[in-house]
Amino acid sequence: MKISSVVLFTVVLVVSVAPAASAGEKIDRGLVALERPDGSIFLSWRLLADDPADIAFEVRRNDTRLFITLPTCCVDGSAERGKTYTYQLFRMGELEPLAAVTIQLTGAPKPYIRIPLAGDYDFQKVGIADLDGDGVYEYLIKQPNFNTDPYQQPGYWKRSTTTYKIEAYKADGTMLWQYDMGWSIEAGIWYSPWIVYDLDGDGRAEVYCKAGEGDPRDDNGLVTSGPEYLVKLDGLTGKVLAKCDWLTRDGYEDYNRSQRNFLSIAYLDGKTPSLIVQRGTYSLIKVLALDKDLQKIWYWESTQEQKKYSGQSSHNPLTADVDGDGKDELVIGGAVIDDDGKGLWTLEMGHPDYVYVADIDADNPGLEIYYGFETRQKAGGLCVVDAATGRKLWTHKEPTVHIHGQGMAADILAEHPGIECWGGERDLKQRWLYSAKGELLEFHETGPLAPRALWWDDDPQKEVVLSGAIRKWGKDPIQKLEGNLIAVVDCIGDWREEAIVSVKGEIRIYTTTIPTQERRVCLMQNHQYRMGVASQTMGYYCPPQLGK
């Protein structure tokens, strides 16, 4: 019997999971096998929330035992080029396999899984969910990667050249269906919200999206009239199952710049998912909470509050249990709506370009929120606040004009406890990296406005995607990427995250082949992380963050 060396020592880190996160979503082991440059085979799989703390795994190759391991990955160094192998994963002491995967060694290793698309096009957004109830994630895209912005200036708004299509694919590339959003939905992210999640609790995810009728565009190509709906699509077929009215255009002074549209999921009662519909960013904000039958739970308008909630929305709707009561709140931007549809708190600072909700500072109880404000600020354009109260824990002391992009919140430096916060000005080329405590760590006159962080190697710190490669912060590339990075998410294999990129004609999923002795519960079973993955089809991309 051959035992992997990684069984000799392991650090077990179990991520806490809210019960609601996995309700209705039973995922498989996500077993994946990839050939490495040295000819060995790397295998990894999921640790699940209901696994016993002492669970051990057995890996067999062509019915021969290779490894017994506590960690959720191993390396087979005895494979031979040109041969095909089937690997089976067992729980130690059990006879029925948990999963199996087959791989042929080609001598030309690729660090990614390829899902072919139905045509030679790219895509703008990706959604991940189990559409058929078999525990294997399917992948949904919105294509093409074309975007028109509501801002009515040259270089921003462009007349739509085509209609958006939502397409659903199985992991093997089988196309399940295509849904044409039609000419009533302009080809811009603010007009075309969609989300995939199992809202009705039958074990199979549905798709929800904004819809209209016919071709209501005016002579300039703008859609300013006509009916607006929310539709529910069957996850297996793409057929419309139900619809209701979308939030109205009433109360907005301009065409669509201030009335951007969003969808998100929240467990408002801590037990069952609700669908959240939002309209508005820069002025009036409307929010509607719906149950699984698309019936109203509550409706909220920013004008209902005595304090200023209008204009406080961000570009990416987030849900998180900010006050620790077991129920989700809506972090709409620089303000938070409680689970009962009433304002919890507002910073009254205007529109933040990005928002991150995470346990940034472990010394502060609960969660924190990191902001980068687009609105001019005398101070505090970058800040971290207590998520339960909005109390500022630290602020950027200098004036800011327009904090731009998506920033970053990630633990990238081992020498500084907690999560580091990165942000910068759009035009002034100023960039700052702060520690969780608000200590200025780095200042740059240039630098990316949206580095993407992900767990990739064998330590607790995250790596970042910069200049087309995964790397340690400030270091040389570990893994080069081709294509346009669309999302970072733990969708296959162990707890490390995948980089999903758009390449013409394919979904490409880069996944690590670096062994690790740490094991963690699959990140998709962390409630706040899962809600973040669901919302990544919306607005500007915001990487999911772990909750408590």
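The values are calculated or read from the model by the stated rules, or taken from the named source; none is laboratory data. These numbers come from a predicted model, not from an experiment. As a convention, Cβ positions derive from the backbone with ideal geometry for all residues, glycine included, and neighbour counts pool all protein chains shown. These area figures cover heavy atoms from the full protein model, side chains too; ligands, DNA and RNA do not enter into them. Shrake-Rupley method; radii C 1.70, N 1.55, O 1.52, S 1.80 Å.
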query: With respect to the numbered conditions (1) under 30 Å from Asp494 (Cα atoms); (2) in contact (Cβ under 8 Å) with a residue 24 or more places away in the chain; (3) surrounded by fewer than 16 Cβ atoms within 10 Å (Cβ to Cβ), which one is the sole condition not fulfilled by Thr389?
result: (1)
query: Can you tell me which residue in region 137-146 is most open to solvent (accessible area, probe 1.4 Å), limited to those that are assigned to a loop (DSSP other than H, G, I, E, B) and under 17 Å from Ile500 (Cα atoms)?
result: Asn145
- line: Checked against (1) open to solvent by 10 Å² or more (accessible area, probe 1.4 Å); (2) over 21 Å from the mean Cα position of the chain (by Cα), Ile285 satisfies every condition except (1)
- prompt: Of the conditions (1) modelled with pLDDT of 95 or more; (2) not in a strand (DSSP E or B), Asp149 fails just one. Which one is it?
  reply: (1)
- prompt: What strands (runs of 3 or more DSSP E) lie completely within region 288-367 and have 1 or more residues being closer than 19 Å to Leu268 by Cβ, open to solvent by less than 40 Å² (accessible area, probe 1.4 Å) and at pLDDT below 95?
  reply: 313-320
query: Just a yes or no: is a residue in region 96-109 within 22 Å of the chain's Cα centre (by Cα), open to solvent by 20 Å² or more (accessible area, probe 1.4 Å) and modelled with pLDDT under 95?
result: no
field: Residues (under 19 Å from Arg260 (Cα atoms) and either of a type in the set (A, V, I, L, M, F, W, C) or open to solvent by less than 30 Å² (accessible area, probe 1.4 Å) (or both)) located in region 147-170
entry: Thr148, Asp149, Pro150, Trp157, Ser160, Thr163, Tyr164
query: Residues of region 241-285 being more than 17 Å from Pro150 (Cα to Cα), touching a Phe, Trp or Tyr at 6+ places or on another chain (Cβ under 9 Å) and hydroxyl-bearing (Ser, Thr, Tyr), which ones?
result: Ser274
query: within 23 Å of Ala56 (Cβ to Cβ), open to solvent by 30 Å² or more (accessible area, probe 1.4 Å) and assigned to a strand (DSSP E or B) - does that describe any residue in region 77-90?
result: yes
query: Taking strands (runs of 3 or more DSSP E) that do not extend beyond region 171-272, which have at least 2 residues that are touching a strand residue (DSSP E or B) at 6+ places or on another chain (Cβ under 7 Å) and open to solvent by 50 Å² or more (accessible area, probe 1.4 Å)?
result: 175-180, 240-245
- prompt: Scanning region 13-40 for residues that are touching a Lys or Arg at 6+ places or on another chain (Cβ under 7 Å) and farther than 18 Å from Ile55 by Cα, which turns out modelled with the highest pLDDT?
  reply: Gly39
